[in-house]
Every structure is written in C-alpha cells, then in structure tokens.
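In what follows, a structure is listed as structure tokens, so that the remarks can point back to it.
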Amino acid sequence: MENYKNLSDLRPGTIIAEDIYANTAFPIIRKGTTLEIEHLEVLDLFSIKRVKVEERIINRVQTDQPKIGKTDVISSNIEQLLENKISRTSDLHTMYKKSVNEYKREFTSWRSGVKLDIAKVRLLIMPLLESYMEHKKMLVLLNEYSNRKEYLYHHAVSVGILTAALASELDYPKGTTLQLGLAGTLTDCGMSKINPTLLEKAAFLTKDEFAEVKKHPVFSYQMMQDSPLLRQEMKLAVLQHHERLDGSGYPRGDQGEKISQLSQILAVADVFHAMTCERVYRAKESPYRVAEMMKEEDFGKFDPTILNALYEIIGMPCMGDKVLLTNGDVGEVLSINHDHPLRPNVRLQGRAEIVDLSLDRSTAIEKVLN
C-alpha cells in the first residue's frame, strides 16, 4: 500500500514509492530507497514538501518494551539528531535565500544610481560566510539553489561563500578570509552599470557587446575604490578577477606574477560557480566535471594550488561512497584512481558491471549521495 507523507512526518526506515525529482534531469532519490537521516536532509534542501511512500517501514530500532531502556534512548537520540540536522540545514538555506534577496535589492539600487554601501553588503554576507565554513559539505550544492532568472544574485552570494571557503582551505587568517569573501560577493557589482539586456541575452554576444560586458571589473573597482571597509589588496583582486595566468584574461591582459593570489582565488570561485549553474544560454554542469575541466582543459590559466583546494572543498569521492553519475546510473565507489581522484572505479547498482571513470570520459560523478 502507498500514500503521501509530509516531510515533517517522515522518519528513517520509510521506503520511497516513486522517483523524486527537483528540477533535475535525474532523481535526487530513487524509488525503493529506504530513508536515512541524510536523505531527509536532502529532501529539505530541495524544498520537497510531500513524497509518496510505501506503507511498510523498516524498523531500525526495536522499541516494543514498555519500560524505558536502552532502545528508547537510542530512538530518542535518532529523533533529536533528525530534528537538529533538518533544522540546521533549513536554517542555512533560509539564511542563503535571505542574503540573495537582500543582495538583489542592493544591486537594483546600484542600477538606479545609488552609491555602493559596502557596510550593507558586509552585514548580509558575513553570517553566511561563517556558517558555510562550519558546514563545508554543503558547498557542493550551491549550484542547485541558483536559477536562470536570478542567476546574477545567486552568483554574487555563492562566489562570496566559495571564495571564503577556498581562502580558509589555503590557511589564510580568518580576517583575510572574511575580507576576501566580502570582495567575492562584490566582484560583479559593476554589472549594475552594464545594459541589462546584454546580461539577459540568450544568444551569443557580438564582439562589441562582449567588450561592453568586459568593462564590469573596472566598474566594480571604481564603485568600491573610496570605501575604507575593504582593503586595497581586495579591491585589486576584484579588478583582476578575470585575469588569467597565461595572459588570456581581461581587462588588462595581466599574466603570471602580476596577478595576485587573492585575485586567483576569486577567479577560481567565480568560474567554478558560473560553469556549474544553469544560465540563459546553457545548462548546468556537474561540479566534479567542472573542477576537473578547470584543472585539465584550462591548464595554465589558474593556480594549481587553488584548484587543489577546490577539489578539497567540494569533497573528493571516497571508497564506499554512493554516487550518482551524469548518465543517471547510481553506484558505489570501489577504488580511487590517484591520477584522476574525481574519476574512481564505480560498481553500478543492481548489476555486476564496474565502470572505470578514468577511461569513460563521457561520464562523470554528478553528486555524492551519502
């Protein structure tokens, strides 16, 4: 027998009766899955309110004794853990959405000619930076929150978060980490001075249109230039965040040692989030595939030390991890290919087939499910 239940009524051991989608090409949870606490966290992350479940429940803890004993304590602990995890994740997502909405209001005011108030941006982003540094496992899901219509605002907030996480992974002092996270949030404030039709255009930009968009780092720098709330090296990092080590970037074509490491951290965060998100002119990509592309296909453009830090913060797959692949298959990581840590050997679920992702380059990890 099957019925629908609200998220608040679900418990570990409940069996899912149909594939669950969340504006994704593949299910985030498949039919027949026995829910664990982590699944409930994922459902809450994607704002899934009701799901179809089977009537039977697999009992994880037996509590048929009427007296209070060890099993009751275990059951109570599970309930408390469940409540705490869902609450914590929900609070983090709520904070994120609030920051995006507040940034959108600020950006709209800049478009109308209001002067940039860095104190306001600092107030909206700092609590979020602190929270995400305590919950780094959530970083790989940032692209799931974004959407085509409001990409610009999601991108600003997410780049701030990713920038701070990278700086923290690279052992920068906390003060520098938070300052750089603030700078990351402001990298594209200069987009408010670009014609909005160019930012919303689904077709490829003409040469002249792209030249106009490429002015935004200079506009961003000019908007923050007089503020004492951001260190000068952070302002320079914003100006340089589209420069590349091989000299192929803009606005000045700087290369090598002329580009500060702070700006390179901004660059990696900016490109990684942009490529993983759905935008008006392209579909989103797997975070694991994008990280790999930045390291291999864009070799020479980014600092390898920062790319290694990116691998760490998105979480490299480990033996025993359950993973969803980009072709829709689900499997378990059997072993790691050390030359290609994001391309392990995976045993596919429900069959004996083993896939070596280091050889099958058409498929990559979409996400780690556990």
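Each of Arg282 and Ile354 was given a label point 7 Å from its Cα along the Cα-to-Cβ line. The distance between the two points is 3.5 nm. In the frame of its principal axes, the range 171-259 has Cα extents of 42, 28, 22 Å, reported largest first. Within the accessible area of the chain, the carbon and sulfur atoms contribute 51%, probe 1.4 Å, all protein chains present. Each 10 Å bin from 0 upward holds the following percent of the Cα-Cα pairs of the chain: 5, 21, 30, 24, 13, 5, 1, 0. Of all aspartates and glutamates in the structure, the ones whose alpha carbon falls short of 20 Å from that of Lys5, not counting any fewer than 8 places away in one chain, are Glu18, Asp19, Glu36, Glu38, Glu41, Asp44, Glu54, Glu55, Glu79, Glu83. Indicate the gyration tensor shape class of the range 221-281 (rounded, prolate or oblate), computed on the Cα atoms with a ≥ b ≥ c the square roots of the eigenvalues: a/c under 1.5 is rounded; otherwise a/b larger than b/c is prolate and the rest oblate. Note, shape of the range 221-281 comes out oblate.
Entry note, the chain: relative contact order of 11 percent, from Cα contacts under 8 Å with a spacing of 6+ residues.
Protection proxy ranking, highest mean first, for peptides 129-138, 112-121: 129-138, 112-121, where packing is the per-residue count of other beta-carbon atoms within 10 Å, averaged. The residues of the chain expose, per residue, 49 Å² of accessible area to a 1.4 Å probe. With the highest mean first, a sort of the peptides 324-331, 156-163, 205-212 on other beta-carbon atoms found within 10 angstrom per residue produces 156-163, 324-331, 205-212. Between Arg361 and Leu7, what FRET efficiency follows from the Cβ-Cβ distance if R0 is 45 Å, with the result rounded to 0.05? Calculated transfer efficiency: 0.75. Checking the table Lys215/Lys367; Lys136/Lys193; Lys201/Lys258; Lys149/Lys258; Lys214/Lys258 against a 31 Å threshold on Cα-Cα, which pairs fail? Going by Cα-Cα distance, Lys215/Lys367; Lys136/Lys193; Lys201/Lys258; Lys149/Lys258 fall outside the 31 Å limit. Axis angle, to the nearest 10 degrees, between helix 151-169 and the longest C-alpha principal axis of the chain: 80 degrees.
The values are calculated or read from the model by the stated rules, or taken from the named source; none is laboratory data. Computed from a predicted model, the values in this text were never measured in an experiment. Neighbour counts run over all protein chains shown; Cβ positions are idealised from the backbone, glycine included. Side chains are part of the model used for accessible areas, which takes the heavy atoms of the whole protein and leaves out ligands, DNA and RNA. Shrake-Rupley method; radii C 1.70, N 1.55, O 1.52, S 1.80 Å.
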